[in-house]
Protein chains: 2
Amino acid sequence: MQTFNFDPIGIVHSPYREKFGIPRQPGLVDVASTLELLSPYNRPEAVKGLEEFSHIWISFVFHALEQVKWRPTVRPPRLGGNSRVGVFASRSTHRPNPLGLSVVALEGIEIGQHGVCLRLGAADLLDGTPVLDIKPYIPYVDSIHDARGGFAPEAPPRLEVHFLPEVAQACRRLEGHYPGLERLIREVLAQDPRPAYQAGRNELREYGVALYDLNVRFRIVQGGVEVTGVEPAPR
Amino acid sequence: MQTFNFDPIGIVHSPYREKFGIPRQPGLVDVASTLELLSPYNRPEAVKGLEEFSHIWISFVFHALEQVKWRPTVRPPRLGGNSRVGVFASRSTHRPNPLGLSVVALEGIEIGQHGVCLRLGAADLLDGTPVLDIKPYIPYVDSIHDARGGFAPEAPPRLEVHFLPEVAQACRRLEGHYPGLERLIREVLAQDPRPAYQAGRNELREYGVALYDLNVRFRIVQGGVEVTGVEPAPR
């Protein structure tokens, strides 16, 4: 069969600068992002009426993947990273066609001199993500309340997040440049972004997650996450 | 930004041989279809665990479109075909990237000598549709029961369908070759497949819809749909 070619119609701007730390599904981490329509699609008419829908589907490309060959099975984090399921039984980024699909809250539409931006709630999209399509979420079709959810029947548990005192101070100083920073860090780390195969271990290893151009360091402690540093990321 | 290229991973087999008559959303018309995985993706491992999900997302290409230039607004059938909304506020087939998205019931997985077929319930997919991706439906993420549905807040009403007596007879004779034919016709026509701009009119025009290689003729009468003919489609 033929190959199909698609050009992006938009691009995502988000605090997520690397795959590590991105929520594993949309709706889990309440962090604002924007979707900027690209020319020639950045016309107010193209989104006329969209404001009447509370949620939208975003079809996008996993654009920042390492070049890895497609494999028929993957190890989803929800199974602890040890069990394998079929790639089509997962939402893994490593799939034959690197297509992503996210339902996100549409919080507003900004129409300016230079085009159209959609304000998104709780997305799970890397900064710079190329968007191929936007569709309205139609509840009577898309919301299937009695669907069976296989190995991911409910949202993963959230962890408690606390800051070392000097890190809390540093964070407050940074709020001027990064409004909502503390909340962003709390939301992202509550999801336990560690690789699944690490999640069972009891260890003091420090991790770093990139949010905007900051490096946020943390470790897992009894009962939660401890934020151990917030500083400009090395360039 | 760069152009992205995708190769189909599967193909749909359905009774729908032309766009006219296809349900406007999945889940509305209870008609079975199948999704055949294509080589090299037609391996049982690639769908391992998928049977634990009751529904799947199918990302596909609207492959049989006339070549029409993209337009920023469309006239959705749900608004009577007269009002315009933005192309991104609709699920119209005519969009900048002709990508389709349907959630369908997964009724079974058939693994045979020659590969893998998924049995689908109530899809809205043209026969021959190229499939780019399959993902599990994850209820805790995808089912947003309080979402606001804009101009399509609920399923469209269904029409009563009745057969002219001689057509009912012809249909029964054809059931040997086309099991479930009468039910298929009832399901498809109950949706009122007429173009929206015709739907307000009170007229005796006869329409034809292609199901398998049959031409099903019908007209709209007081209180419903009258099936006026079922015969092999002209080749």
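The values are calculated or read from the model by the stated rules, or taken from the named source; none is laboratory data. Nothing here was measured: the structure is a model prediction, and the numbers come from that model. Neighbour counts run over all protein chains shown; Cβ positions are idealised from the backbone, glycine included.
Can you go through A:Tyr16, A:Tyr41 and tell me which one is out of contact with any Lys or Arg (no Cβ under 9 Å at 6 or more places or on another chain) and more than 9 Å from every other protein chain (Cβ to nearest Cβ)?
Criteria check complete, one pass: A:Tyr16.
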> Looking at (1) more than 22 Å from B:Tyr140 (Cβ to Cβ); (2) of a type outside the set (Val, Ile, Thr); (3) surrounded by fewer than 19 Cβ atoms within 10 Å (Cβ to Cβ), which is the one condition that is false for A:Phe163?
Replying inline: (3)
> Is there a residue in segment A:33-51 that is surrounded by 22 or more Cβ atoms within 10 Å (Cβ to Cβ) and in contact with a His (Cβ under 9 Å, 6 or more places away or on another chain)?
Replying inline: yes
> For B:Ser54, are the conditions met, namely being facing chain A (nearest Cβ under 7 Å), surrounded by fewer than 19 Cβ atoms within 10 Å (Cβ to Cβ) and over 20 Å from B:Ala152 (Cβ atoms)?
Replying inline: yes
> Within segment B:70-95, can you find the residues that are at the interface with chain A (Cβ under 8 Å from one of its Cβ atoms), part of a strand (DSSP E or B) and among the β-branched types (Val, Ile, Thr)?
Replying inline: B:Thr73, B:Val85
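Hey, can you tell me all the residues within segment A:128-185 that are of a type in the set (A, V, I, L, M) and within 23 Å of A:Leu35 (Cα to Cα)?
Those that are of a type in the set (A, V, I, L, M) and within 23 Å of A:Leu35 (Cα to Cα): A:Val131, A:Leu132, A:Ile134, A:Ile138, A:Leu181, A:Leu184, A:Ile185.
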>> With of a type in the set (A, V, I, L, M), in contact (Cβ under 8 Å) with a residue 40 or more places away in the chain and within 14 Å of another protein chain (Cβ to nearest Cβ) as the only criterion, which of B:Leu184, B:Leu174, B:Leu101, B:Leu164 stands out?
In response: B:Leu101
> Given B:Gly27, B:Gly21, B:Gly49, which one is among the small types (Gly, Ala, Ser) and within 30 Å of A:Ser83 (Cβ to Cβ)?
Replying inline: B:Gly49
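Name the one entry in A:Val85, A:Val104, A:Val74 that is closer than 25 Å to B:Gln25 by Cα, modelled with pLDDT of 90 or more and among the β-branched types (Val, Ile, Thr).
Working: A:Val85 fails: closer than 25 Å to B:Gln25 by Cα; A:Val74 fails: closer than 25 Å to B:Gln25 by Cα.
After ruling out the rest, the residue left standing is A:Val104.
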> Which of the strands (runs of 3 or more DSSP E) contained wholly in segment B:1-69 include at least 2 residues that are under 22 Å from A:Gly100 (Cβ atoms) and without any contact (Cβ under 8 Å) to a residue 24 or more places away in the chain?
Replying inline: B:4-6
> When B:Arg217 is evaluated against the numbered criteria (1) within 14 Å of chain A (Cβ to nearest Cβ); (2) among the basic types (Lys, Arg); (3) surrounded by 16 or more Cβ atoms within 10 Å (Cβ to Cβ), which criterion, by number, is the only one it fails?
Replying inline: (1)
